[in-house]
Number of protein chains: 2
Amino acid sequence: MTAPTPLWLEDLHLGQTFVSDSLTVTTEEIKAFARQFDPQPFHLDEDAAKDSLFGGLAASGWHTAALTMRLLVEAFPLAGGLVGAGGETTWPRPTRPGDALSVHVEVLEITPSRSRPDRGMIRTRTETRNQHGEAVQISTTRIVAWRRPA
Amino acid sequence: MTAPTPLWLEDLHLGQTFVSDSLTVTTEEIKAFARQFDPQPFHLDEDAAKDSLFGGLAASGWHTAALTMRLLVEAFPLAGGLVGAGGETTWPRPTRPGDALSVHVEVLEITPSRSRPDRGMIRTRTETRNQHGEAVQISTTRIVAWRRPA
């Protein structure tokens, strides 16, 4: 893969979309993330997960979020990097072992800064989908975007 | 540490707060998380980070979110586990190497389910603070809470 061309604020337009490659999540990765950051039975143990709300082993939502970031960094090459100011996240269904995730980003808003002429803020909608096209995470995020230097 | 008493929907009240122990983040942990999930220069390399928006090495916001979850699992022992339906997250300032993070949770809303008598939904505000008492993450999250079995 060649390095993508960095995108400045001027290169973005409303409705612009970006799609990532896909990334497959393994049982061991789900358990390793959970051991480190979300040590709850339904993320760690198949038998315990069967009797939980999830009905089977499920990745931590924060694991799905972290994998989404990994895919975003490749798919959405904002100049200066992706620095999120915050946003909303929902998890309509869990990520399961063996799921192949991809992210679909759409530019929703582009707001130049009034006080800082070198930058603006954009708002994006990111849907993380499994191999069946089902959303495992939907987020809207505010991200800094830089103007092309003069 | 003894295992905390699990909390059912009936055990919660508005304004109830929980505070976690603190957890110190190392440079190596910041870089390891970034290599796996957010491989951008300002999360990976001190020199590159100096010239970035962050002015120095900064943890990925998703690393802060994952560490927050780790602290929450210990501090807020909901019966049946912590299963978030979604929420809003902001990062007022980055987590830095050596920061000692703790989480402060407050119960904002308690809404019994109308259709499912065994559960409800609560909304919490979670502030993740560094050792100076400054917020590195503020999130409001909707979480499933279960009624005590009859």
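Once you charge only the Cβ atoms, +1 for Lys and Arg and -1 for Asp and Glu, what is the size of the charge dipole of the stretch B:9-146 about its Cα centre, to the nearest 20 debye?
Roughly 440 debye for the stretch B:9-146.
Once both axes come from the Cα atoms, what is the angle between helix A:61-75 and the longest principal axis of chain A, in degrees from 0 to 90, rounded to 10?
Approximately 40 degrees, to the nearest ten.
What residue among B:THR126, B:THR26, B:THR64 has the largest mean-square fluctuation in a Gaussian network model of chain B, using Cα springs under 10 Å?
B:THR26
Cross-link partners among lysines for A:LYS31, C-alpha distance below 23 Å, same-chain residues fewer than 8 apart left out?
Cross-link targets: A:LYS50, B:LYS31.
List, shortest first and in nm to one decimal, how far the label point of B:GLY55 (7 Å from Cα along Cα→Cβ) is from its counterparts in the other copies.
Result, one decimal in nm: 5.1.
What is the list of residues in the stretch B:13-46 whose amide nitrogen lies under 19 Å from a point 7 angstrom out from the Cα of A:GLU29, following Cα to Cβ?
B:31-40
What is the antiparallel percent of DSSP beta bridges lying wholly in chain A, to the nearest 5?
Beta bridges within chain A, antiparallel portion: roughly 95 percent.
What are the distances, in nm and sorted shortest first, from the label point of A:ALA32 to the label points of the same position in each other copy, with each label point placed 7 Å from Cα along the Cα-to-Cβ direction?
1.0
Give me the accessible area buried between chains A and B, both sides summed, with a 1.4 Å probe, in Å² rounded to the nearest 100.
Roughly 2700 Å².
Helix B:27-37 sits at what angle to the longest principal axis of chain B, using alpha carbons and giving 0 to 90 degrees rounded to 10?
Rounded to the nearest ten degrees, it is 70.
Going by the rotation axis that takes chain A to chain B, pick out the residue of A with the closest C-beta and quote the gap in whole Å.
Of all Cβ atoms in A, the one closest to the rotation axis yields A:GLU88, 2.
Among A:GLN36, A:GLN131, A:GLN16, whose mean-square fluctuation peaks in a Gaussian network model of chain A (Cα, cutoff 10 Å)?
A:GLN36
Would you mind giving the three semi-axes, in whole Å and largest first, of the ellipsoid equivalent to the stretch A:9-146 according to its Cα gyration tensor?
32, 14, 12
Identify which of A:SER52, A:SER20, A:SER115 has the largest mean-square fluctuation in a Gaussian network model of chain A, with springs joining Cα atoms closer than 10 Å.
Of A:SER52, A:SER20, A:SER115, the Gaussian network model singles out A:SER115 as fluctuating most.
Could you give, in nm with one decimal, how far A:GLY15 is from each other copy of that position, shortest first, with labels 7 Å out from Cα toward Cβ?
5.1
At 4 °C and a viscosity of 1.567 mPa s, what translational diffusion coefficient does Stokes-Einstein give for the protein assembly as shown, taking Rh as the Kirkwood radius over Cα pairs? Give it in µm²/s as a whole number.
Calculated translational D: 65 µm²/s.
The values are calculated or read from the model by the stated rules, or taken from the named source; none is laboratory data. For clarity, every value in this text was computed on a predicted model and none was experimentally measured. Note that each Cβ is placed from the backbone with ideal geometry, even for glycine, and that neighbours are counted across all protein chains shown. SASA here: full protein model, heavy atoms, side chains in, ligands and nucleic acids out. Shrake-Rupley method; radii C 1.70, N 1.55, O 1.52, S 1.80 Å.
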